[in-house]
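Worksheet: one structure, shown below.
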Amino acid sequence: MGKIIGIDHVQLAMPAGAEDQARAFYGAVLGLDELPKPAKLAVRGGVWFACGALQLHLGAEAGFQPARKAHPALLVDDLAAYLSQLQARGLAADYDEPLEDARRSTIADPFGNRIELIERLR
């Protein structure tokens with residue numbers, strides 16, 4: 001019997017034609033490496049990024065509306081250092097209410113999509 005064994009990627013929507021903004025934010029600001037899209041999918045627009053062992057996809061969507069509640073939670077190894085890096089790149093970022101086993105922050109991409117940054121405490 002088949003079963004789900006994990007998550008391959010997460011996709012967020014973005015406005016059509018905003019690939020350069022996506023690259024500037026997710027690549028230059030967040031530090032993710034861009035992945036090539038398969039040619040059959042590249043014609044749809046959007047940008048893909050490596051995110052650890054998983055992938056973060058941004059898909060172009062007509063009539064785009066940002067995700068303000070639904071969001072990916074990106075795992076970071078040192079939230080304080082990462083927030084300092086983001087602030088140095090001009091992004092306002094501060095802590096959210098911590099969890100028992102994690103420190104957290106919420107930021108928005110240039111399109112208004114919510115992104116959580118989380119550091120698991122050991």
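Brief remarks on what is shown
- Taking amide hydrogens as placed 1.01 Å from N in the peptide plane, the amide H of N113 sits under 5 Å from those of A67, each at least 5 positions away in sequence or on another chain.
- Structural descriptor for region 70-116: relative contact order 39 percent, calculated from alpha carbon pairs under 8 angstrom and at least 6 residues apart.
- Qualifying trypsin sites (Lys or Arg not before Pro) for region 8-97 [loop in DSSP, other Cβ within 10 Å: at most 13]: R44, R68, K69, R89
- Extension reserve of the A102-A81 stretch, reckoned as 0.36 nm per residue once the Cα distance is removed: 6.1 nm
- Amide H contacts under 5 Å for L35, placed H, 5+ residues apart: W48, F49, A50
- Cβ-based net charge around T106, under 14 Å, with every Lys or Arg adding one and every Asp or Glu removing one: -1
- Within the accessible area of the chain (1.4 Å probe), percent carbon and sulfur: 54
- Solvent-accessible surface of the chain, averaged per residue with a 1.4 angstrom probe and all protein chains in place: 63 square angstrom.
- 13 Å beta-carbon shell around F49, net charge (K/R +1, D/E -1): -2
- C-alpha long axis of helix 79-88 to longest principal axis of the chain, angle in °: 60
- Applying a DSSP loop filter and a limit of 13 other Cβ atoms within 10 Å to the chymotrypsin sites (Phe, Trp or Tyr not before Pro) in region 55-120 leaves nothing.
- Here is the list for region 31-114: GluC sites (Glu not before Pro) lying in DSSP coil, each with at most 12 other C-beta atoms within 10 angstrom of its C-beta, are E100.
- Three-way shape call for region 1-115 based on the alpha-carbon gyration tensor, with the a/c threshold at 1.5: oblate
- Amide H partners (placed H, <5 Å) of F64, local residues excluded: A16
- Cα gyration tensor, region 61-120 - rounded (a/c under 1.5), prolate or oblate: oblate
- Centre separation in Å (Cα based) which lies between region 23-47 and region 54-106: 17
- For region 39-47, 3J(HN,Hα) per residue [Karplus equation, 6.51 cos²θ - 1.76 cosθ + 1.60, θ = phi - 60°, Hz, x = Gly/Pro]: 3, 5, 9, 4, 5, 7, x, x, 9
- Around H71: net Lys/Arg minus Asp/Glu count, Cβ-Cβ under 15 Å: +1
The values are calculated or read from the model by the stated rules, or taken from the named source; none is laboratory data. Everything quoted here is computed from the prediction, not taken from an experiment. Note that we place each Cβ from the backbone using ideal geometry, even for glycine, and neighbour counts take in every protein chain shown. When the accessible area is computed, the model is the full protein with side chains, heavy atoms only, and any ligands, DNA or RNA have been set aside. Shrake-Rupley method; radii C 1.70, N 1.55, O 1.52, S 1.80 Å.
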